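Structure first, commentary second.
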Amino acid sequence: MHSYSLIAPAKINLYLEIIGNRPDGYHELAMILQSIGLADQVDVRSISTDSIRVHCNHPQVPADKRNLAYRAAELMVRQFPEAFAKYGGVEITVNKQIPVAAGLAGGSTNAAAVLVGIDLLWKLGLTQSELEELGGTLGSDVPFCLAGGTAIATGRGDQLSPLPSLDNIYVVLGKYRSLEVSTPWAYKTYREQFGDSYRDSDNLAVRANAVHSGAIVKAVVNKDAGEIAQKLHNDLERVVLPAYPQVLQLREVFASQEGVLGTMMSGSGPTVFALFESQQQAELVLLQVREGIIDEDLELFVTRTITHGIKVASSV
């Protein structure tokens with residue numbers, strides 16, 4: 001029996017622009033994605049039966065085909081039947097630290113970890129780009145979760161261009177445990193409310209790639225945390241904040257604290273994050289926000305930007 005223990009980091013969006021409608025029905029996006037230190041541990045172990053088993057310490061996480069980690073294992077079984085026949089099934093255990101349904105790619109990063117774990121268990125020797133191509137069939141965030149660090153993402157969010165990695169910008173995350181925002185709802189509502197502002201579908205990719213020369217990319221290249229924070233942008237705030245007053249309030253409370261470089265909702269929410277130059281400032285603001293919003297449902301975390309995606313912690 002063999003097993004691998006993998007670290008699966010969460011991600012935040014530093015930038016999210018909706019360019020327009022793609023011919024495949026999705027939106028053309030221009031984003032800057034950033035890995036953070038808040039992470040799940042995913043253990044992938046060979047078992048003697050020809051089955052896939054998933055366990056998770058979080059009661060809201062399903063253990064069947066609704067789970068992206070399960071579907072990642074199924075994908076590997078379909079793609080590599082000879083290896084499956086040789087090495088047998090897999091048992092996946094997820095120790096969840098990333099909040100669920102938070103806009104932090106928790107499900108996607110677990111799936112990415114399973115792809116890496118099975119690649120190692122079955123001695124497939126897949127390249128990073130091969131893993132990312134497989135991951136893209138599972139979900140738009142999976143390729144980035146594999147690569148990690150800092151990247152521009154275009155297309156559906158699955159076409160990646162690495163940027164110089166940002167490390168040691170400190171981040172406070174806030175998320176109400178019981179609050180979920182449906183990603184399909186957020187994009188559909190944005191299309192309904194602001195679709196008239198989309199330009200025609202010609203040259204979508206050209207317009208998406210314009211982010212490469214944008215001000216926030218220059219700030220990232222210069223590793224200028226203050227300037228990055230000033231250029232944070234998320235189109236989905238236009239629909240989520242009016243519909244979810246708790247998210248708006250959390251964002252406003254973060255914005256009012258001294259030492260906060262900038263604050264924004266990540267992805268389709270409902271997580272809100274704030275950026276800081278030091279861990280001390282981040283921890284102080286976390287305490288101030290906890291005092292300002294007395295609600296046991298509110299989870300707060302201090303973490304930081306990191307330079308990697310899926311990482312092997314240990315193997316047996």
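Just the number, please: carbon plus sulfur as a percent of the accessible area of the chain, 1.4 Å probe, no ligands or DNA/RNA counted. Don't jump to the answer; show the numbers that get you there.
On the way: 6660 of 13880 Å².
Ligands and nucleic acids excluded, carbon and sulfur give 48 percent.
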Relative contact order (%) - the chain, alpha-carbon pairs under 8 angstrom, separation at least six: 26
Residue-averaged 222 nm ellipticity for the chain, from DSSP H runs of 4+ at -39500 (n - 2.57), nearest 500: -10500 deg cm²/dmol
GNM top mover of M76, M264, M31 - the chain, alpha-carbon springs below 10 Å: M76
N21-A85 FRET efficiency (beta carbon distance; Förster radius 25 Å; 0.05 resolution): 0.05
Area of H27 that stays accessible when all protein chains are in place (1.4 Å probe, Å², to 10): 20
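In nm, what is the difference between 0.36 nm times the number of residues separating R66 and A215 and their Cα-Cα distance? All intermediate terms of the calculation are to be shown ahead of the outcome.
Working: separation 149, 0.36 × 149 = 53.64 nm, distance 3.90 nm.
Difference between extended and current length: 49.7 nm.
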Which of P59, V181, T93, positive extreme of dipole for the chain (C-beta unit charges): T93
Kyte-Doolittle mean at least 0.0, axial Cα span of 20 Å or more - DSSP H helices of the chain: 106-121
Reciprocal of mean inverse Cα separation for the range 1-58 (Kirkwood radius, Å): 15.1
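Per residue, how much accessible surface does the chain expose to a 1.4 Å probe? Answer in Å², no decimals.
Values: 13880 Å² over 316 residues.
Solvent-accessible surface per residue comes out at 44 Å².
Tell me, what are the semi-axes, in whole angstrom and largest first, of the equivalent ellipsoid of the range 62-178 as set by the roots of 5 times the Cα gyration tensor eigenvalues? Can you show the working numbers first?
Details: eigenvalues 131, 69, 30 Å².
Here the semi-axes work out to 26, 19, 12 Å.
Within a Cβ distance under 13 Å of L284, other residues only, what is the Lys/Arg minus Asp/Glu net charge?
Working: positive: R290; negative: E258, E277, E283, E291.
Every neighbour counted, the sum reads -3.
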Nearest-10 value in Å² for the accessible area of E132, using the 1.4 Å probe: 40
Surrounding net charge for H58, when Lys and Arg each add one and Asp and Glu each subtract one, Cβ distance under 12 Å: +1
Rounded to the nearest 20 debye, dipole of the range 163-316 from Cβ charges on Lys, Arg, Asp, Glu: 460
Size-normalised alpha-carbon gyration radius of the chain, reference 2.2 N^0.38 Å: 0.99
Which of Q79, I36, T49, positive extreme of dipole for the range 22-167 (C-beta unit charges): T49
Positive-pole candidate from Q128, V220, G139, dipole of the chain, charges at beta carbon: Q128
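Express the relative contact order of the range 89-159 as a whole percentage, based on alpha carbon pairs under 8 Å and six or more residues apart in sequence. Don't skip to the end; give the middle numbers.
Values: 55 pairs, mean separation 19.5, N = 71.
Dividing the mean separation by the residue count of the range 89-159 yields 27 percent.
Counting Lys +1, Arg +1, Asp -1, Glu -1, what net charge surrounds L38 among other residues with beta carbon under 10 Å of its beta carbon? Intermediate values should be presented prior to the final figure.
Values: positive: K11, R304; negative: D40.
For residues surrounding L38, the net value is +1.
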Centre separation in Å (Cα based) which lies between the range 71-105 and the range 39-55: 7
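Using Cα pairs closer than 8 Å and at least 6 residues apart in sequence, work out the relative contact order for the range 55-126, in percent.
The normalised contact order for the range 55-126 reaches 42 percent.
In this model, which of K11/K223; K11/K86; K96/K218 are farther than 24 Å apart at the alpha-carbon? List each step's numbers first, then the result.
Details: K11/K223 18 Å; K11/K86 35 Å; K96/K218 34 Å.
In this structure, K11/K86; K96/K218 exceed 24 Å between Cα atoms.
The values are calculated or read from the model by the stated rules, or taken from the named source; none is laboratory data. As the structure is a prediction and not an experimental result, all values here were calculated from the model. Reconstructed Cβ throughout: ideal geometry from the backbone, glycine too, with neighbour counts over all protein chains shown. Just so you know, the surface numbers come from the protein's heavy atoms only, side chains and all, with ligands and any DNA or RNA stripped out. Shrake-Rupley method; radii C 1.70, N 1.55, O 1.52, S 1.80 Å.
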